[in-house]
């Protein structure tokens, strides 16, 4: 059985790109679905529920293509 020697050098660190924050999507005036999602997002934000906020942002972005 051969013995594996550990690396004796430091590997180059991986550099990840900086993600730019996207602005929150704005609801379309007069659209009841946009208003519902915006209200849900606001309530989730006040409760500190970042997952629901992100989900609402995604749904608002996707829903906006249907206007």
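Every read-out reported here was derived from the displayed coordinates using simple, explicitly stated rules and does not represent laboratory data. Here the structure is a predicted model, which is why all the values come from computation and not from measurement. Neighbour counts are summed over all protein chains in view; Cβ atoms, including those assigned to glycine, are modelled from backbone coordinates with ideal geometry.
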| task | Order these peptides, 41-53, 11-23, by their mean beta-carbon neighbour count within 10 angstrom, highest first. | result | 41-53, 11-23
| task | Just need the relative contact order of the chain here, percent rounded to a whole number, with Cα pairs under 8 Å and 6+ apart. | result | 28
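What number, rounded to the nearest 500 deg cm²/dmol, is the helix-based mean residue ellipticity at 222 nm of the chain, given -39500 (n - 2.57) per DSSP H run of at least four residues and division by all its residues?
Values: 2 runs with 30 residues, N = 67.
Here the helix-only value at 222 nm equals -14500 deg cm²/dmol.
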| What is the helix-to-structure angle for 32-47, meaning the angle in degrees between its Cα long axis and the longest Cα principal axis of the chain, kept from 0 to 90 and rounded to the nearest 10? | 50
| field | Correct choice for semi-axes √(5λ) of the Cα gyration tensor in Å that was computed from the model, options [x] 18, 13, 11; [y] 46, 14, 12; [z] 25, 15, 8 | value | [y]
